[in-house]
Amino acid sequence: MSYKGFLGCHSKGSKEDQEFYDLKNKAAEYYRSNGVPEKIECVLNEMFVQKPNDIYGYLANYFTRFSCTPVISKITGREVYHGTGLTAIQANVHCIIRDEEKMVCSAVMGGPYDSLSEGIAESGETVCNSDQQQLSVTTALNWIREHLNPMLQGFNPTDQTNIDKLLSDFFMARYLEDKKICEREEEENKSETVSEAPPQASPTSNKDKKGVDKGKRVNSTEKPLPPAEPPVPRLPGAIAVGVVSFAVAKTATRLIGAPLYTHITSIRVQQASNKIYLPMPMITILSCGKNSLGKLNLLDEVIILPTSSQRVRQVIGLNLELQREMMRILNGSGCKAGPVGISEGSLQVGFERPEQALDLVTEAFANLKLPLGSDLRLAINCAAHCLMDCSRGRYEVMSGCHKSPDELVDLYEGLIDKYPSITALIDPFRKEDVEQWERLASAIGQSCCLIADAASNLCPRWGDAKPLPQGVTKVIFRHHGDMTISELIRKFADKSETILAAGSAETGDTSIVDLAVGLGSFFLKLGGLRGGERMDKYNRLMAIEEELEQEGILGAREINLVKPAALTL
C-alpha cells in the first residue's frame, strides 16, 4: 500500500505514521532479500504434511541448515594440573554458533618442564632449570592471550591445515628470535672468557704432552664413553602451539558431529582403501626398573606385544588374566620376589636378576596355556638412558652391578637366546652409543627389533632431520607441546610401522586414542591396566573397535616386527 493509500484509510496523518510505514517497508525488504518469507512458507508446508510431535524442534532443525558456518571468536587459556600433580595448559576454543558465542571444546597438555635446559625468557633474561616450569606456563598463557587469540579469530575450526600453518609460522618466528638472543649471549660469554683466561699450566705438570695424567692407570682396551649429547632446547611457551592446535581439532569434530579419529583421517592423504586400522595396544604387565624396590634396574617395563589382528577386548582380557596369574604365583610360597606394588598401572616387583622377572611371565603364560611367542610376544623397555652412571662410564643394570656398553650387548644377546619370545627392545642403549646399537642389531636383528623412544628425541621439530642409530626399526612418538596436529600427521606419514605413546602427563582425556587411530599408528602404548585415566583410554579403544566393526570398515593387518627400515627424524 502506498503512503497516500495508507493516509486514505486513516482520517489523520502524522510524522509518526510516516516513520512507522517506512520502517515496515524496510523490514519487509530486509526479510525478502534474505529469503525469509519463502523459507517460512516452505517449512510450514512441510511441517503440515509431516505433523511432527515437536513443532519447535522441527523448526529449529530446519533453520539450522541455513545458519552461518561457526567461526572462532576467541581462544582462552588457563593453568591446570594433570595426573602427576604438575602444571599443564588448558586451551578453550570459543565459537560464534547461530549468532551466539559458546565455548565449544578444550584440550589439556602437559609439557616436559622438568627436563628443560636453561633458556632465555622473552625479555632476554637467563633463567635456571628450577624456574623453567613456571616460565613455560606463564609464557604459554601470554602467547595464547596476546598473540594466538587475535590471530585465529574468524577462522573456521575445520580448516586445520591453514590454522596449523599460522601456528607453526608464529612458533618459528619466536624460535628465531630466541636463537638470536642465545647466539648473542654466547658471543658475549666467549669474549668475557678470552679476557679473563687463566695463565697456562706450569711445565712441571704431572701430565705428558698428550694430556694424560701419569699418576693414573689407563685401560687402553676399553673405549672411551661417547659424551652425552646436550639436551634438546625447548622454547618456553611452545606448549601453546600444540595445545591450541589440538583444541581446534577437537572443536572441529564437535561441530561436524564426527569422532576425532574420523576428522584426523580426513586430513591425511587419501588412501586407496576405505578401511580404518586399529592400533594394537602395547600393555605393560610388569615393572622392575630403577624405581622398583629390588636390585634389578634393567627391565623398566615388560610389555605384551600382540602381533596379529586380535580384538582389543580379547587382548585386554588376556592381559588381565596374566596379571591375576602372576599375583597368584607371587603370593605362592615358592616365589622369591621382593616387595610387590603398582607402578604406571602395572605390577611392580623387586627382583635381583632379569631372569626372575622373565621366568615369572613365562610361567604365567604356561599356566594359562597362552601362546607366548606366536600371537603374543614380549617387548622390554630397557630405558638405558636412565641407567648410565656417568662417573663410571657404565650402565648400572643391577644395584652395584655395572656393565660397559659392549658388555650390555652380550647381556641382551644372552637374554634373547634364552627367551626367544622377546621380539622388541626399547631403548637398549643411550642414543650416543651408536656402535652398540649397530652391533646388537646385527646379532639379533633377524628375531628381535630395536625401538627408539628416548633415543628418538634427537632434534627439535624445527631442526634438520638426523639419522637414528643404525639398527633402529621403529620409533615411538608422542604429541609434544610444540607440535601441531598437521606436523604430527606428517611425522607419521614418513615412518613405517610407527608407535604412538601417551605422554607422562596423564589426563582423563581419551583423545590420544583417536589420534592413534586417525594417524594410522601400528601400536599404541598406554601403560598398564590399572587406574581410571588409563582404563578410560583402553575403553575408548574398545569403543572405536566396535564402531568400526558395526560400520564394516575395520581393517586387519599383520605386523612384521623385525622388518628393517631406514628411519630419520
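The values are calculated or read from the model by the stated rules, or taken from the named source; none is laboratory data. Remember, predicted model here, so these are calculated numbers, not experimental data. Using ideal geometry, Cβ is built from the backbone for each residue, glycine included, and neighbour counts are taken over all protein chains shown. Just the protein is used for accessible areas: all its heavy atoms, side chains included, with ligands, DNA and RNA removed. Shrake-Rupley method; radii C 1.70, N 1.55, O 1.52, S 1.80 Å.
Scan region 242-259 and tell me whether some residue there is touching a residue at least 12 places away in the same chain (Cβ under 8 Å), assigned to a loop (DSSP other than H, G, I, E, B) and open to solvent by 10 Å² or more (accessible area, probe 1.4 Å). Yes - at least one qualifying residue is present in region 242-259.
For region 12-20, the condition of being within 18 Å of Asp99 (Cβ to Cβ) and out of contact with any strand residue (DSSP E or B) (no Cβ under 9 Å at 6 or more places or on another chain) holds for none of the residues.
When region 374-388 is filtered for residues that are of a type outside the set (Gly, Ala, Ser) and open to solvent by less than 40 Å² (accessible area, probe 1.4 Å), the ones remaining, listed by number, are Leu376, Leu378, Ile380, Asn381, Cys382, Leu387, Met388. Exactly one residue out of Gly332, Gly341 is in a loop (DSSP other than H, G, I, E, B) and at pLDDT below 85: that is Gly332.
If you scan region 287-313, which residues turn out to be assigned to a strand (DSSP E or B) and farther than 23 Å from Tyr538 by Cβ? Leu296, Leu298 - these are the residues of region 287-313 that are assigned to a strand (DSSP E or B) and farther than 23 Å from Tyr538 by Cβ.
Pick out the one residue from Ile264, Ile285 that is closer than 28 Å to Cys449 by Cα, open to solvent by less than 10 Å² (accessible area, probe 1.4 Å) and modelled with pLDDT under 95.
Ile285
Going through region 396-431 one residue at a time, which ones are under 28 Å from the mean Cα position of the chain (by Cα) and either open to solvent by 40 Å² or more (accessible area, probe 1.4 Å) or not polar (S, T, N, Q) (or both)?
Of everything in region 396-431, those that are under 28 Å from the mean Cα position of the chain (by Cα) and either open to solvent by 40 Å² or more (accessible area, probe 1.4 Å) or not polar (S, T, N, Q) (or both) turn out to be Ile422, Ala424, Leu425, Ile426, Asp427, Pro428, Phe429, Arg430, Lys431.
Ile96 fulfils the conditions (1) open to solvent by less than 10 Å² (accessible area, probe 1.4 Å); (2) at pLDDT 80 or above; (3) not hydroxyl-bearing (Ser, Thr, Tyr) except for a single criterion, (1). Could we say that Glu487 is in a helix (DSSP H, G or I), among the charged types (D, E, K, R) and at pLDDT 85 or above here? Answer is yes for this residue. Right, Thr484: open to solvent by less than 10 Å² (accessible area, probe 1.4 Å), touching a residue at least 12 places away in the same chain (Cβ under 8 Å) and of a type in the set (S, T, N, Q) or not? Taking the combined requirement at face value, the residue satisfies it. Among the conditions (1) within 30 Å of Asp169 (Cα to Cα); (2) buried (at least 22 other Cβ atoms within 10 Å of the Cβ), Leu526 misses just one, which is (1).
The single condition among (1) surrounded by 10 or more Cβ atoms within 10 Å (Cβ to Cβ); (2) under 19 Å from Arg254 (Cβ atoms) that Cys68 does not satisfy is (1).
You will find that of Glu407, Glu413, Glu432, the residue that is closer than 24 Å to Leu296 by Cα and outside any helix (DSSP H, G or I) is Glu432 and no other.
Would you call Ala357 aliphatic (A, V, I, L, M), within 32 Å of the chain's Cα centre (by Cα), buried (at least 19 other Cβ atoms within 10 Å of the Cβ) and in a strand (DSSP E or B)?
Details: aliphatic (A, V, I, L, M): yes; within 32 Å of the chain's Cα centre (by Cα): yes; buried (at least 19 other Cβ atoms within 10 Å of the Cβ): yes; in a strand (DSSP E or B): no.
Criteria not met by Ala357.
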